[in-house]
Amino acid sequence: MTIDLRRADGDRPLIPNALLAVECVLFLTLAVLVSMRWQPLMDLDQSVAEWAYDVSEPRAWLVSLLDITAIVTSNWSVGIVLAVLAGLLWWRQERILALWVVASGVVVLGGNALIKLAVRRERPVWDLPLHEIGGWSFPSGHSAGAGLFFTVMALLTIVATGRGLRRRLLLTLWVVLTLLVAADRVFLGVHFLSDVTAGVCFGSAVTLILWHVMVRGSGRLPSDLAVVTGSGRRRAAVVLNPVKVGDIEDFKAKVRQVGASHGWDEPQWFETTIEDPGHGQTRAALDADVDLVIAAGGDGTVRAVCEEATRSGVAVGVLPHGTGNLLARNLDIPVNTRDALDVVFGGQDRAIDLATFTTDGGTETSFLVMAGLGMDAMIMTGVNEDLKKRVGYLAYFVSGVKAITFPRTKVEITLDDEEPRHFRARTVVIGNVGFLQGGIPLLPDAQIDDGLLDVVIVAPKRFIGWLSIVARVITRRKTNDARLTRLCAQRVHVKAEKPVPMQLDGDPAGEGREITAEVHPGVVLVRVPATLAPAE
């Protein structure tokens with residue numbers, strides 16, 4: 001998890017500022033009206049409280065659940081968790097964030113208690129209370145703690161994750177949990193609606209204000225050397241796959257906007273075709289003497305662009321639009337377009353290896369991620385394209401279930417100048433990187449810039465053997481056995497007893513009996529996330 005405080009600045013600062021303004025106005029308004037005992041508000045509070053009491057009182061299981069929630073979300077619990085969180089942030093050298101968490105906890109929890117003493121509002125009164133509690137009612141301490149804690153979690157989520165579904169789901173979760181804690185106090189009959197509303201607003205607003213005072217604007221920038229590229233003229237070309245990109249004009253507008261914000265000129269545009277997946281377009285871009293070639297598409301488009309940019313000294317920026325996006329995932333390039341654009345225009349260049357792939361028919365091509373033959377290639381060949389468009393890489397799982405009965409085949413594997421080794425394998429994968437979709441470590445020792453190719457031979461005899469293989473892959477056990485063997489070399493020659501399916505970077509590559517893969521160290525420059533300068 002990489003924490004980058006610049007992510008919290010966002011493209012639309014009006015949204016968090018508007019939220020803070022609404023919370024402050026709502027809290028101050030409620031504080032004044034409750035202090036004045038404004039009758040319309042008192043009547044509304046009493047009406048909501050009576051309705052909530054009537055819902056909870058006849059349901060003992062609900063009251064028990066509300067009691068448990070009250071214990072778990074008490075200010076003591078919030079304080080302990082925040083203290084642990086601050087300690088972890090301090091240990092990670094995120095000192096500003098740690099101090100912000102501590103300050104937010106002290107001000108919110110301490111300030112809430114002082115406001116209670118100032119307003120001195122009585123709690124709801126019932127003939128048969130559902131929960132016995134003392135002290136004043138306004139604002140709700142549990143709700144203030146929830147507003148504090150979940151605002152902390154929301155801001156940490158933003159600075160620790162890129163844009164995308166995961167961030168949206170987490171932010172939604174924090175909002176829902178805040179509302180549930182507030183509702184718990186009303187249905188337990190210990191607070192009025194205005195108490196919990198003011199508590200949430202107070203806890204969240206104070207936390208946001210302290211963020212603006214203590215944290216905002218302190219995000220570290222990449223070192224100057226990290227963003228120096230090409231001739232310095234900042235001219236880019238975009239090679240895009242129109243099928244993968246979708247709305248081309250919207251995509252171009254995003255590229256222009258982010259490029260301009262990083263000081264880059266209007267890019268040149270090249271679209272791939274069925275006949276040319278990106279080679280000719282990349283050559284045209286290089287002939288135009290650009291400083292950066294941006295590949296927007298799936299792994300096939302990225303491979304074509306990198307193949308042509310080899311040894312050119314011009315960096316390749318990757319905008320993932322495919323299903324697998326394995327190169328991007330292994331280089332920590334975001335799969336979200338907006339975040340990936342920040343890397344493309346503001347990242348740093350990394351020299352990575354390229355591997356050539358030669359078949360027994362003499363055809364030579366390249367791969368950046370993985371090549372293989374056998375069952376894995378059968379999976380790629382058997383993927384239903386319509387299903388892939390609907391469910392993404394889960395379509396490979398469906399194809400994998402169908403291909404799991406692919407028979408074992410005798411293969412002879414020669415590493416560099418060593419003696420050949422013989423296996424009965426269901427699949428042989430040669431990897432320039434180590435991780436599959438979902439972070440599965442198929443080749444955990446593989447590095448894209450180590451000048452080596454890693455090989456895995458998968459050879460279970462029966463279905464039960466797959467369970468052992470899955471366990472070994474997930475736990476990253478490195479020992480070899482008859483079911484799974486890992487090797488590495490600069491040059492790998494594989495010869496099968498009969499023609500079998502082959503694949504390159506997830507794309508079917510026909511059938512063949514022999515392949516030769518050879519690594520070429522550091523011949524491609526790829527733009528990756530910039531390393532932040534050390535904190536001063």
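Points to keep in mind about this one:
- Here residue 60 meets each of (1) buried (at least 16 other Cβ atoms within 10 Å of the Cβ); (2) modelled with pLDDT of 90 or more with one exception, condition (1).
- Filtered by the rule that a residue be modelled with pLDDT of 85 or more and more than 24 Å from the chain's Cα centre (by Cα), segment 326-371 gives 353, 354, 355, 356, 357, 358, 365, 366, 367, 371.
- Residue pairs whose Cβ atoms lie under 9 Å apart, sitting 6 or more positions apart in sequence or on different chains, and linking a residue in segment 118-145 that is within 16 Å of residue 57 (Cα to Cα) to a partner that is among the aromatic types (Phe, Trp, Tyr) and surrounded by 10 or more Cβ atoms within 10 Å (Cβ to Cβ), are 124/53; 124/192; 126/53; 130/53; 130/187.
- Residue in segment 109-124 that is touching a Gly at 6+ places or on another chain (Cβ under 7 Å), surrounded by 14 or more Cβ atoms within 10 Å (Cβ to Cβ) and not in a helix (DSSP H, G or I) present: yes
- Residue 85 vs. criteria surrounded by 11 or more Cβ atoms within 10 Å (Cβ to Cβ), in contact with an Asp or Glu (Cβ under 7 Å, 6 or more places away or on another chain) and either modelled with pLDDT under 90 or assigned by TED's automatic domain parsing to the domain that holds residue 196 (or both): no
- Flag for residue 155 being more than 14 Å from the chain's Cα centre (by Cα), assigned to a helix (DSSP H, G or I) and either closer than 22 Å to residue 71 by Cβ or modelled with pLDDT of 95 or more (or both): no
- Of all residues in segment 237-255, those that are under 23 Å from residue 346 (Cβ atoms) have Cβ atoms under 8 Å from Cβ atoms of residues that are hydroxyl-bearing (Ser, Thr, Tyr) and not in a helix (DSSP H, G or I), 6 or more apart or on another chain, in 239/272; 240/272.
- Among the residues examined, residue 104 qualifies as touching a Leu at 6+ places or on another chain (Cβ under 6 Å) and of a type in the set (S, T, N, Q).
- Restricting segment 403-426 to residues that are hydroxyl-bearing (Ser, Thr, Tyr) and either touching a residue at least 60 places away in the same chain (Cβ under 8 Å) or in contact with a Leu (Cβ under 7 Å, 6 or more places away or on another chain) (or both) leaves a set whose member that is surrounded by the fewest Cβ atoms within 10 Å (Cβ to Cβ) is 414.
- Per-region count, segment 464-474, residues more than 10 Å from residue 440 (Cα to Cα), loosely packed, with under 13 Cβ neighbours inside 10 Å and either under 27 Å from the mean Cα position of the chain (by Cα) or at pLDDT 75 or above (or both): 2
- Residue within segment 81-99 that is of a type in the set (Gly, Ala, Ser), in contact (Cβ under 8 Å) with a residue 24 or more places away in the chain and at negative phi present: no
- Given (1) assigned to a loop (DSSP other than H, G, I, E, B); (2) surrounded by fewer than 21 Cβ atoms within 10 Å (Cβ to Cβ); (3) out of contact with any Leu (no Cβ under 8 Å at 6 or more places or on another chain), index of the condition residue 329 fails: (1)
- Taking the numbered list (1) part of a helix (DSSP H, G or I); (2) touching a residue at least 24 places away in the same chain (Cβ under 8 Å) in turn, residue 349 passes all entries but (1).
- Segment 29-49: number of residues that are assigned to a helix (DSSP H, G or I) and surrounded by 13 or more Cβ atoms within 10 Å (Cβ to Cβ): 13
- Residues in segment 252-293 that are part of a loop (DSSP other than H, G, I, E, B), within 14 Å of residue 240 (Cα to Cα) and aliphatic (A, V, I, L, M): 274 alone.
- Some residue of segment 165-175 being of a type outside the set (A, V, I, L, M, F, W, C), touching a residue at least 12 places away in the same chain (Cβ under 8 Å), buried (at least 18 other Cβ atoms within 10 Å of the Cβ) and more than 26 Å from residue 123 (Cα to Cα): no
- Residue count for segment 348-376, restricted to those that are crowded, with 18+ Cβ neighbours inside 10 Å and more than 19 Å from residue 321 (Cα to Cα): 15
- The lone criterion from (1) at pLDDT 85 or above; (2) assigned by TED's automatic domain parsing to the domain that holds residue 486 left unmet by residue 374 is number (1).
The values are calculated or read from the model by the stated rules, or taken from the named source; none is laboratory data. The model shown is predicted, which means the values in this text are computed figures rather than measured ones. As a convention, Cβ positions derive from the backbone with ideal geometry for all residues, glycine included, and neighbour counts pool all protein chains shown.
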